[in-house]
Structure formats: C-alpha cells, structure tokens
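Novice: Following this message is one structure expressed as structure tokens.
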Amino acid sequence: MKGPKGKSKNRDAGTLETKAIQSVNKEAIRDMLLNNIIPTIHAQWLAQLSKDIIIQWDNSKPYQIPKDDEFQAATQAYGFNIQFVFQTAQSPDLNVLDLGLLNVIKSIEYQSFPKNLDELIEKMEEAFEEFDPIMNKHTWITLQSCMIEILEKQGGNNFAPPHMGKRRLDNEGRLPQLLKVDKGLITQAVNYLNTISIPATGVNVDAQDMEVGCRLMN
C-alpha cells in the first residue's frame, strides 16, 4: 500500500511510500476486493466476454466472503455476476493457480532477488507482464488431466501431472478444450465412493452427478 509522506532528507514531501499491511484480516481483504479488485474488473473486462465471473481463493482464515449489502451490490453492478468459491481443501493438485500462473510468476520473480518491498512489487509486476497467456489455456487442460488421474487413483494423489505435449498439439490445432473421460472410469469411481461412505440421507452417490461438466467417451 502507498501513501504520501512528509519531507525528509531522503525524499520530497508528497512522495509515495510503500507500506506493508501488518494484518491481512477479513476487513483488509474486503477493502481490497471492494476498492481495487472489483472496480478493476468492471473497468477492464472485455465487452465480448461473459460477465459471469468466478473468483477462486484458498481456505486461509481471513478469506471470508463479505455478505453486506454494499459488497453484494458491487458484485452485481453493471450486469456482472461475480461469485467466490474456495479451492478444494487439502488438494493442491486441484489448485489451478499453483498448477500454472503462480508457479511461472514465482519462478520469474525468484530469479531477480528483490532486496526490498518496492523491488518485490516491481518484479512481480514484470513477471506478470512477461507471463504467456497461452499458458493459462494449457493449465486448464492440466487441471482436467489431474482430475482424471485422481479418479483413476480412487482419490489418491500418488501421481505426477501427465505430459500431453500441449504446446505441440496447440500449434497443430489439435489441443482439445475439454478432455474426454471414459464413462466406465466414472462408474468405477462412483462404485468405489459408495463402498467407503454412507450418505446421511441414505441415498448413494449417483454417476450422473459426477458426469456434470465432463464430456464422456462412449
């Protein structure tokens, strides 16, 4: 955060000075969303894109979705529908940010060895600008492949994200947007879930519920 400072031997009066926020609590999170993140989305979102937006964040304690009228109005302003979801708990392989964007940005940032907060912010901005947007498309494919691996491992994480040669396939125009999932694999996963859990309602997990969002291979 930056604020004006008075004159000193090292700076002129009015010079902006970066200050670290000492306590990132739910109030600080709300303020950042309401006064920075959401207005930026309103101002820079491309007109041809859907205004239904989902923001995913992790399960850190301060990350609580504000419920007050002012915040809710901001998420629905100008025809937008901005919603918030939490990432799956204790499932790093399903954290799409860590699978792509953050890993690349951190890698670029760590090569610069920033010495102070201002340099850290500068290098993070440079890393973001250098990030290849095509990587985002590839990351979503990686996320889908991890989901398939998790089904095959019956919920386990003892696998490495598979390599598909996504850049080559993309250059050839053969990279799919949605990976196909074998219907037999879904049935197998459902049957496994029904052997290890007893739903409180007494109703077993239905295979159709797990097929939502998947393109099935017959």
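The values are calculated or read from the model by the stated rules, or taken from the named source; none is laboratory data. Because the structure is a prediction, the values reported are computed rather than measured. Note that we place each Cβ from the backbone using ideal geometry, even for glycine, and neighbour counts take in every protein chain shown.
Novice: When you check M147 against the structure, is it touching a residue at least 24 places away in the same chain (Cβ under 8 Å) and either out of contact with any Asp or Glu (no Cβ under 8 Å at 6 or more places or on another chain) or among the hydroxyl-bearing types (S, T, Y) (or both), yes or no? If you could, list the steps in order and put the result at the bottom.
Specialist: On the way: touching a residue at least 24 places away in the same chain (Cβ under 8 Å): yes; either out of contact with any Asp or Glu (no Cβ under 8 Å at 6 or more places or on another chain) or among the hydroxyl-bearing types (S, T, Y) (or both): yes.
Yes.
Novice: For the stretch 96-104, does any single residue satisfy the condition of being part of a loop (DSSP other than H, G, I, E, B) and at pLDDT 80 or above?
Specialist: To start, the set of residues in the stretch 96-104 that are part of a loop (DSSP other than H, G, I, E, B) comprises 100.
After this cut, where a residue has to be at pLDDT 80 or above as well, the list is none.
Looking through the stretch 96-104, none of the residues is part of a loop (DSSP other than H, G, I, E, B) and at pLDDT 80 or above.
Novice: What number of residues within the stretch 36-57 are within 20 Å of the chain's Cα centre (by Cα) and either in a strand (DSSP E or B) or loosely packed, with under 13 Cβ neighbours inside 10 Å (or both)? Give the derivation first.
Specialist: Of all residues in the stretch 36-57, those within 20 Å of the chain's Cα centre (by Cα) come to 36-42, 44-46, 49-57.
The next check asks that each one be either in a strand (DSSP E or B) or loosely packed, with under 13 Cβ neighbours inside 10 Å (or both); those that pass are 36, 40, 44, 46, 49-50, 52-57.
Qualifying residue count for the region: 12.
Novice: Among all residue pairs at least 6 apart or on different chains, which show Cβ distances below 7 Å where the first residue, located in the stretch 128-140, is touching a residue at least 40 places away in the same chain (Cβ under 8 Å) and in a helix (DSSP H, G or I) and the second is of a type in the set (G, A, S) and surrounded by 13 or more Cβ atoms within 10 Å (Cβ to Cβ)?
Specialist: Hits for this filter: T139/G100.
Novice: For the stretch 150-173, which positions are touching an Asp or Glu at 6+ places or on another chain (Cβ under 8 Å) and assigned to a helix (DSSP H, G or I)? Show your work before the answer.
Specialist: Of the stretch 150-173, the ones touching an Asp or Glu at 6+ places or on another chain (Cβ under 8 Å) are 150, 157, 159, 161-162.
Passing the criteria: only I150.
Novice: Of all residues in the stretch 105-116, which are surrounded by 12 or more Cβ atoms within 10 Å (Cβ to Cβ) and not in a loop (DSSP other than H, G, I, E, B)?
Specialist: Of the residues in the stretch 105-116, the ones surrounded by 12 or more Cβ atoms within 10 Å (Cβ to Cβ) are 105-106, 108-109, 112, 114.
Hits for the stretch 105-116 are I105, K106, I108, E109.
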